[in-house]
Structures are given as structure tokens and as C-alpha cells.
Amino acid sequence: MQNKRLSPVAITGIVIAVIAVIIGIYGVSTYNNLAKENQAVTAQWSQVENVMQRRADLIPNLVSAVKGSMNHETEVFDDIAKARSNYSAASTTKEKAQADSQLNQSVGTLLNVIKESYPKLSSQENVQTLMTQLEGSENRISTERRRYIEDVKAYNQDVVTFPKNIFANMMGLGQKATFKADPAAAKVPKVDLNN
């Protein structure tokens with residue numbers, strides 16, 4: 001049997017085919033990797049929006065609850081202060097008796113509220129809860145934004161490095177915009193419990 005040798009044209013064809021297959025496999029792998037990173041960036045931004053929505057839903061309700069307990073406490077203590085003032089200003093026996101009755105009624109209301117614990121005199125506790133929730137919400141948002149920034153950074157680094165940038169451009173996968181704070185965010189937000 002005679003040993004057949006491949007012609008140089010066949011060898012060149014095989015080498016070109018092997019290189020094309022390697023480039024094709026690398027291209028598919030690169031595309032799949034970039035597509036996964038693209039989805040991770042999108043998912044992470046959704047998480048940022050999720051925690052921002054949590055804040056938007058939670059904080060107004062907490063502020064309303066704090067205002068409600070503060071209003072109730074203010075009413076109870078304002079009634080007592082008013083009754084004391086009326087008693088001090090009373091000059092006749094009848095006026096003193098009416099003021100005393102008003103004071104007794106206000107103190108009775110306070111005692112019932114304290115005794116029943118409903119509604120609980122707890123505006124300070126509610127304000128503390130509000131502050132804790134505000135801080136927690138801002139920390140959650142900050143954490144998720146940081147994760148988003150890290151995912152965008154990893155994705156963008158892959159999109160711009162050679163040779164992935166060639167495949168990324170061919171596949172229309174460009175860089176993602178990183179998070180940028182709104183210029184108005186430089187102002188410290190104000191929590192106003194009076195409005």
C-alpha cells in the first residue's frame with residue numbers, strides 16, 4: 001500500500017476550517033457570556049428599582065403612623081395643659097369646679113390610655129422606627145446600586161477588551177451606562193412630620 005499524503009491545498013483547507021471552528025466556538029462562547037452578563041445587569045437594575053419601590057411604599061405609611069400617634073399624644077397632653085391653665089385662671093368657686101372637672105376628665109383620659117395601652121403613647125418609639133426604616137431603606141438602595149455598578153463594570157470590561165470587543169461589536173452588544181446620581185440628590189432630603 002502506498003502512503004497517501006495530503007496536498008498542501010487540503011492541509012491549508014483543514015487548517016482554515018479548524019481555525020474557523022475555533023473562532024466560531026470562541027464567538028458563540030463570548031456571545032453567551034456577554035448575553036448572561038447583560039441579563040445580570042438588567043436583573044440587578046430591577047433589584048435597585050425593587051428596593052426603591054419598597055421605600056416609596058413604606059416610608060409614607062410610616063410617616064402617617066408616626067403623625068397619627070403624635071397627634072393623639074398631643075391631643076391628650078394639650079387637653080391636660082388647657083385644663084391646668086383653666087384651673088389656674090379660675091377665680092370663682094364655680095369656675096374652679098368646672099376647671100377641676102375638665103382636669104379630672106383629661107387626666108382620666110390619660111390614665112385610661114396608659115392603662116389600656118391603646119392607643120399606645122409611643123410617638124418617640126414610632127419616630128425611632130421610622131428613622132430605622134429610613135436608614136434601612138437607604139442602605140438597601142445603596143447596596144443594590146453598588147451591586148449594579150459592579151455588574152456594569154464587569155460587563156463593560158468584557159465588552160471593551162480584545163478580542164471580545166470585536167465579537168461584542170459584531171453582535172451589537174455595547175457598553176452599559178453605569179449609575180449616575182441625579183444632581184438634585186446632592187441635597188439632603190427632609191422628613192417633615194408636620195405636613
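The values are calculated or read from the model by the stated rules, or taken from the named source; none is laboratory data. Just so you know, these numbers come straight off a predicted model, no measurement behind them. In this analysis, Cβ positions are derived from the backbone assuming ideal geometry, glycine residues included, and neighbour counts consider all displayed protein chains.
With respect to being at pLDDT below 75, assigned to a helix (DSSP H, G or I) and within 35 Å of the chain's Cα centre (by Cα), ASN156 falls outside the description. Within segment 80-126, the residues that satisfy the criterion of being modelled with pLDDT of 65 or more and in a loop (DSSP other than H, G, I, E, B) are ALA90, SER91, THR92.
Of all the residues in segment 10-48, those that are among the charged types (D, E, K, R) and either outside any helix (DSSP H, G or I) or surrounded by 12 or more Cβ atoms within 10 Å (Cβ to Cβ) (or both) number 1.
Among the residues of segment 7-37, which ones are of a type in the set (S, T, N, Q) and under 38 Å from the mean Cα position of the chain (by Cα)? It would help to see each step written out before you state the result.
Going residue by residue through segment 7-37, those that are of a type in the set (S, T, N, Q) are 7, 12, 29-30, 32-33.
Those that are of a type in the set (S, T, N, Q) and under 38 Å from the mean Cα position of the chain (by Cα): SER29, THR30, ASN32, ASN33.
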